[in-house]
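**Q** Take this structure first; my questions come after.
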Amino acid sequence: MTDDWLEVDRDALVRCIAACEVLAADMRDLQERAHRELAPENFGLGETHLRSAAELAARFRATAIGGPGVAEENSAVGTFAAHERYALDLKAKFEAALARYDEQDAETARRFAQL
């Protein structure tokens with residue numbers, strides 16, 4: 001029979017938390033870029049005077065940020081937002097694990113000090 005042990009590398013948890021913060025920030029940046037670069041007011045396709053070009057531009061814009069025929073969650077912005085939420089959720093889980101680890105470590109140290 002083997003003993004099952006759970007080992008926690010505190011430094012690894014701290015690195016994971018930092019990586020999640022970076023990923024979330026990157027996803028926010030990509031959302032802003034998608035708004036700015038993928039959905040400009042004027043694509044220069046002739047959309048100001050050609051109906052077909054205006055329709056094409058609207059479709060490009062909807063794919064980037066959501067709109068007619070494209071739900072926001074299926075757009076580039078929506079995808080980046082979903083990844084940001086995932087990174088922040090994962091960060092919160094790592095932070096909770098780190099807090100529990102620190103609490104248990106402090107309790108173990110207190111008990112050893114009593115001995």
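**Q** Could you please give the count of residues in the range 56-92 that are under 20 Å from residue 28 (Cα atoms), without any contact (Cβ under 8 Å) to a residue 12 or more places away in the chain and of a type in the set (Lys, Arg)?
**A** So the answer is 1.
**Q** Filter the range 34-45 down to the residues that are closer than 30 Å to residue 17 by Cβ and either out of contact with any helix residue (DSSP H, G or I) (no Cβ under 9 Å at 6 or more places or on another chain) or small (Gly, Ala, Ser) (or both), then identify the one that is surrounded by the most Cβ atoms within 10 Å (Cβ to Cβ).
**A** 34
**Q** Condition check: exposed (fewer than 11 other Cβ atoms within 10 Å of the Cβ) and not in a loop (DSSP other than H, G, I, E, B). Does residue 113 satisfy that?
**A** For residue 113, the condition - exposed (fewer than 11 other Cβ atoms within 10 Å of the Cβ) and not in a loop (DSSP other than H, G, I, E, B) - is met.
**Q** Moving on to the next point. Only one of (1) closer than 23 Å to residue 79 by Cα; (2) touching a Ser or Thr at 6+ places or on another chain (Cβ under 9 Å); (3) not in a helix (DSSP H, G or I) is not met by residue 41, so which one is it?
**A** Just one mismatch for residue 41, condition (2).
**Q** On to the next question. Among the numbered criteria (1) in contact with a helix residue (DSSP H, G or I) (Cβ under 9 Å, 6 or more places away or on another chain); (2) among the hydroxyl-bearing types (Ser, Thr, Tyr); (3) part of a helix (DSSP H, G or I), which one does residue 48 miss?
**A** With (1) in contact with a helix residue (DSSP H, G or I) (Cβ under 9 Å, 6 or more places away or on another chain); (2) among the hydroxyl-bearing types (Ser, Thr, Tyr); (3) part of a helix (DSSP H, G or I) applied to residue 48, the lone miss is (3).
**Q** Sticking with this structure for a sec: Identify, from the list 28, 59, the residue that is under 21 Å from the mean Cα position of the chain (by Cα) and surrounded by fewer than 17 Cβ atoms within 10 Å (Cβ to Cβ).
**A** 28
**Q** Could you please find all residues in the range 24-55 being within 24 Å of residue 91 (Cα to Cα), of a type in the set (Lys, Arg) and free of Cβ contacts under 8 Å to residues at least 40 places away in the same chain?
**A** Matches in the range 24-55: 33 only.
**Q** Looking only at the range 69-115, count every residue that is out of contact with any helix residue (DSSP H, G or I) (no Cβ under 8 Å at 6 or more places or on another chain) and either at positive phi or of a type in the set (A, V, I, L, M) (or both) and tell me the total.
**A** Here the count works out to 7.
**Q** State all residues of the range 87-112 that are at pLDDT below 90 and either touching a Cys at 6+ places or on another chain (Cβ under 7 Å) or of a type in the set (Phe, Trp, Tyr) (or both); if no residue qualifies, say none.
**A** Matches in the range 87-112: 112 only.
The values are calculated or read from the model by the stated rules, or taken from the named source; none is laboratory data. Since the structure is predicted, the reported quantities are computational estimates derived from the model, not experimental observations. Cβ sites come from the backbone with ideal geometry, for glycine too, and all protein chains shown count toward neighbours.
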